Amino acid sequence: MLMTNQTPHVQDRPSAVGLRVLSVEPNSLGQRFGIEPNDSLIAINGHPVHDVLDYWFYSSARRIRVEWISHRTGTRQSRTALKTYEERLGLEVEPFEIRRCNNACIFCFVHQLPKGLRSELYVKDEDFRLSFLYGNYITGTTLTEADMKRIVRQKLSPLYFSVHATDESVRRQLLANPNPPPILEQLDYLTRRGIAIHTQIVLCPGINDGAVLEQTVRDLSRFYPMLESIAVVPVGLTSHRQRLPKLQNVTPTYARAFLRHCRRIQQITRQAIGYPLVFPSDEFYLIAGQEPPSYDEFSEIPQIENGVGMVSRFYWGFSELLHDFPSVLPRHYRVAAITTAMGRKVIQKLIDAMNERIENLRVEALTVTNSLFGPGITVTGLLPGRDFLSAIQEAPNYDLYLIPENALRPWDQRFLDDMTFQELETKANKPIRVGGSTAATFAHAALADFSPY
């Protein structure tokens, strides 16, 4: 049964700013209430609704009372109903405005971008809602007391924090922020109240390594197990750092020394809490010329999206994949996998296996240098479309070209320089396919012309 109430604005109700409704699903509870597009959602069960997270959280209750303002009449409407926990209200609401970062981190990648890229690439977000929804990292420097209480109340867990250093003087230097809130106090407040945390450290040689890193891991390990992992990633330096602080690159020699030091830290941490907690990204191992860990002893690899266990995940099911390869192709077939020097280190084992096991197949890696960011940026996901086009034009005699999936924005298949995949195909006038994030998807893309593989 639905109960109806229509009143003018009153002072003892939540603020009538409202969250605009964009659309209403047919036959949904929202439509049965009479909510229409362009109405303003005000409150659910007496709680003000400021953004989509409020909407999702409060609309999950079984008994639901919704208040909104009709765009037709300007009057406040109210409906109450009982529903199942799974039943949705059926509203699409306007997206929230992203909170911007108030730091000027000395290693910030946005500050190192060349001019002329898409406008959204220059947005520095610092929004706990994006951390919860998408795993974006926040420093916590914009968190208010109300934010902290809301995180706990709505159980926005896990969250992802960029800590970098717990020594506050070093942290201020890294963030270029003279007065950030104490990170350890924030983490203590959240973890004590059941919020799981993943953290990252962007390692800047000579600044937050060595004893500073040891202190950071020691301080963060106090919050284990609610603080579930620490990923350490190497600083990325582009060729566009004019007027920015001078930072050191992570060289092969440095990477090898760092990995030795990190293993000692892991051993000490494992002895203290029973878990290593801190994990270097695979990039450190690749720079050092070493094989990244398989992480076989872990039921779940922590922070794989941050490059920890990336290579291991790529080769999941590799043995089974080898047995599925055809022994021979009906004709000679050449495939070029376009990648970076770093990417080549990842896929070379697969390429060698395919060439050895499949007669008439020749797969080769075409290594390119990033023309947009410079030679210091070696991850494949930051290659612009023009680099793939140049590689194809300079080596035109292959039957197929493979490009990495992570170089394309998923929803519109667009590279960082705004070239689309379709434009690349048209300009190159060659067969091109997208290789996935695993050895299996890479192999299937390479052999897709040969049914039934």
For this session: Figure the gain on full extension for His71 and Asp188 (residue separation times 0.36 nm, minus the Cα-Cα span) and round it to one decimal in nm.
Result: 37.7 nm
Seminar exercise, completed: Quick calc: nm separation of the 7 Å Cα→Cβ label points for Arg263 and Ala448 -> 4.1
Exercise. Over the chain, what relative contact order in percent results from Cα pairs under 8 Å that are six or more residues apart?
Worked result: 9
For this session: List the longest stretch of the chain that has no exposed loop site; here a site is one of the GluC sites (Glu not before Pro) assigned by DSSP to anything other than H, G, I, E or B, with at most 12 other Cβ within 10 Å.
Result: 98-296
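In square nanometres and to one decimal, what's the mean projected area of the convex hull around the Cα atoms of the chain?
So the mean shadow area of the Cα hull is 26.5 nm².
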For this session: Would you be so kind as to identify which of Tyr58, Ser28, Leu389 lies farthest towards the positive end of the dipole of the chain, taking Lys and Arg as +1 and Asp and Glu as -1 on Cβ and the Cα centre as origin?
Result: Tyr58
For this session: Would you mind checking which residues have amide H under 5 Å from Ser23's amide H? H placed 1.01 Å from N; only 5 or more apart, or other chain.
Result: Glu92
For this session: With no solvent and one equal point scatterer per Cα, compute the Debye intensity ratio I(q)/I(0) for the stretch 41-195 at 0.12, 0.17, 0.18 Å⁻¹ and report its log10, rounded to two decimals.
Result: -0.66, -1.04, -1.11
Exercise. Residue-wise, which Karplus ³J(HN,Hα) couplings in Hz belong to the stretch 75-83, taking 6.51 cos²θ - 1.76 cosθ + 1.60, θ = phi - 60°, and x for glycine or proline?
Worked result: 9, 7, 10, 8, 9, 10, 7, 9, 9
For this session: Among DSSP beta bridges lying fully in the chain, give the percent that are antiparallel, nearest 5.
Result: 45
Exercise. Under 5 Å between amide H atoms, partner at least 5 residues away or on a different chain: which partners does Ile432 have, H built in plane at 1.01 Å?
Worked result: Tyr401
Exercise. Roughly how tilted is helix 385-394, in degrees to the nearest 10 and between 0 and 90, from the longest Cα axis of the chain?
Worked result: 20
Exercise. So who's got an amide H within less than 5 Å of the one on Leu416, skipping anything under 5 residues away but keeping other chains? H placed 1.01 Å off N, in plane.
Worked result: Gly385
For this session: Label the stretch 299-351 by shape, choosing from rounded, prolate and oblate, from the square roots a ≥ b ≥ c of the eigenvalues of the Cα gyration tensor; if a/c is under 1.5 it is rounded, and otherwise prolate applies when a/b is larger than b/c, oblate when it is not.
Result: oblate
For this session: Could you work out how far the C-alpha centroid of the stretch 258-308 sits from that of the stretch 105-147, in angstrom?
Result: 26
Exercise. So, in nm, how far is label Asp418 from label Lys149 when the simple model puts each one 7 Å beyond its Cα toward the Cβ?
Worked result: 4.5
Exercise. What are the lysines whose alpha-carbon lies under 17 Å from the alpha-carbon of Lys430, with same-chain residues fewer than 8 places away excluded?
Worked result: none
Problem set entry | Charged-residue dipole, Cβ positions (Lys, Arg, Asp, Glu), the stretch 165-324 about Cα centre, Debye nearest 20 | 720
Problem set entry | For the stretch 367-427 and the stretch 214-237, distance of Cα centres in Å | 34
Problem set entry | Using a Förster distance of 51 Å, the FRET efficiency for Thr80-Glu120 (Cβ separation, nearest 0.05) | 0.80
Problem set entry | Cβ-based charge dipole, the stretch 121-192, positive-most Cα from Tyr122, Gln154, Pro180 | Gln154
Seminar exercise, completed: Checked the stretch 213-300 with the C-alpha gyration tensor, a ≥ b ≥ c its square-rooted eigenvalues, rounded below a/c of 1.5, otherwise prolate if a/b is larger than b/c and oblate if not; verdict prolate
Problem set entry | Cleavage-rule hits, chymotrypsin sites (Phe, Trp or Tyr not before Pro), the stretch 85-183, DSSP coil, Cβ neighbours within 10 Å at most 14 | Tyr85
Exercise. Going by a 4.7 Å Cβ-Cβ cut-off, which cysteines of the chain have no partner at all?
Worked result: Cys101, Cys204, Cys262
Exercise. How far is helix 210-221 tilted off the main Cα axis of the chain, in degrees rounded to 10, range 0 to 90?
Worked result: 40
Exercise. Relative to the longest principal axis of the chain, what angle (0 to 90°, nearest 10) does the C-alpha long axis of helix 252-273 take?
Worked result: 50
Seminar exercise, completed: Per its Cα gyration tensor (rounded if a/c is under 1.5, else prolate when a/b beats b/c, else oblate), the stretch 320-399 is best filed as oblate
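None of the figures in this text is laboratory data; all of them are computed from the coordinates on show. Nothing here was measured: the structure is a model prediction, and the numbers come from that model. Here the Cβ is made from the backbone with ideal geometry for all residues, glycine too, and neighbour counts use every protein chain on show.
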